[in-house]
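K.L.:
Supplied in structure tokens, the structure appears directly below.
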Amino acid sequence: MEKKFTKGNWNVSDDTSECYLVKSDDGGLIAFVYDGDIDEEAIHMDVVGANAKLIAAAPELLDACIKLAERIELRNISDSEAYFIAKNAIKKATE
């Protein structure tokens, strides 16, 4: 499976107090994560930080899903809930 996303580790950088940046090891910007609202419905920075961490973990999570699905297929137990969750996550990330 060809991976079209930025290679390498992704890390969270809290360069400002208003947003988090998700960057690759080489400093390339992956995502700018911030609270886009300026009203009382605003997201708190702890939620913004958690969103940034989840984005930064995406490459490892995708690899884990791929390996999990492959192992489940080898054991012929592809009717398991974990298999369907992994396959759906892989599809969402790659299509």
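The values are calculated or read from the model by the stated rules, or taken from the named source; none is laboratory data. Values in this document were obtained by computation on a predicted structure and should not be read as measured data. With ideal geometry, Cβ positions are generated from the backbone for all residues, glycine too; neighbour counts draw on all protein chains shown. When the accessible area is computed, the model is the full protein with side chains, heavy atoms only, and any ligands, DNA or RNA have been set aside. Shrake-Rupley method; radii C 1.70, N 1.55, O 1.52, S 1.80 Å.
K.L.:
Can you give the % of DSSP beta bridges in the chain that are antiparallel, to the nearest 5?
P.N.:
Roughly 100 percent of the beta bridges in the chain run antiparallel, per DSSP.
K.L.:
So how exposed is Tyr34, as accessible area in Å² (1.4 Å probe, rounded to 10)?
P.N.:
120
K.L.:
Let me ask another. For P(r) over Cα pairs in 10 Å bins from 0, in percent, which listed value, (1) 14, 45, 36, 4, 0; (2) 17, 50, 30, 3; (3) 15, 35, 28, 17, 4, 0, comes from the coordinates shown?
P.N.:
(3)
K.L.:
A further question on this structure: Averaging sequence separations of C-alpha pairs under 8 Å and six or more residues apart, then dividing by the length of the chain, give the relative contact order as a whole percent.
P.N.:
Relative contact order of the chain: 20 percent.
K.L.:
Here's a follow-up. Taking trypsin sites (Lys or Arg not before Pro) as exposed when DSSP calls them loop (any state but H, G, I, E, B) and at most 15 other Cβ atoms lie within 10 Å, what is the longest stretch of the chain free of them, the sites themselves excluded?
P.N.:
Looking at the chain, 8-74 is the longest stretch - no exposed trypsin sites (Lys or Arg not before Pro) with at most 15 other Cβ atoms within 10 Å.
K.L.:
Could you state the accessible area per residue of the chain in Å², with a 1.4 Å probe and every protein chain left in place?
P.N.:
That works out to 75 Å² per residue.
K.L.:
Hey, which lysines would be in cross-link range of Lys91, C-alpha to C-alpha under 23 Å, not counting anything within fewer than 8 residues on its own chain?
P.N.:
Lys3, Lys4, Lys7, Lys53, Lys67
K.L.:
Further, regarding this structure: Got a sec to turn the phi values of the range 77-90 into Karplus ³J(HN,Hα) couplings, 6.51 cos²θ - 1.76 cosθ + 1.60 with θ = phi - 60°, whole Hz, x for Gly and Pro?
P.N.:
10, 6, 9, 7, 4, 4, 4, 5, 5, 4, 5, 5, 5, 4
K.L.:
Highest GNM mean-square fluctuation, the chain, Cα pairs closer than 10 Å: which of Leu29, Leu61, Leu74?
P.N.:
Of the options given, Leu74 has the highest mean-square fluctuation.
K.L.:
While we're looking at this one, here's another question. With angles folded into 0 to 90 degrees, how steeply does helix 58-74 sit against the dominant principal axis of the chain? Use alpha carbons for both and round to 10.
P.N.:
Compared with the principal axis, the helix lies near 10 degrees.
K.L.:
Helix-only mean residue ellipticity at 222 nm, the chain, DSSP H runs n ≥ 4 weighted -39,500 (n - 2.57), per residue, nearest 500. What is it?
P.N.:
Only helices count here, giving -14500 deg cm²/dmol.
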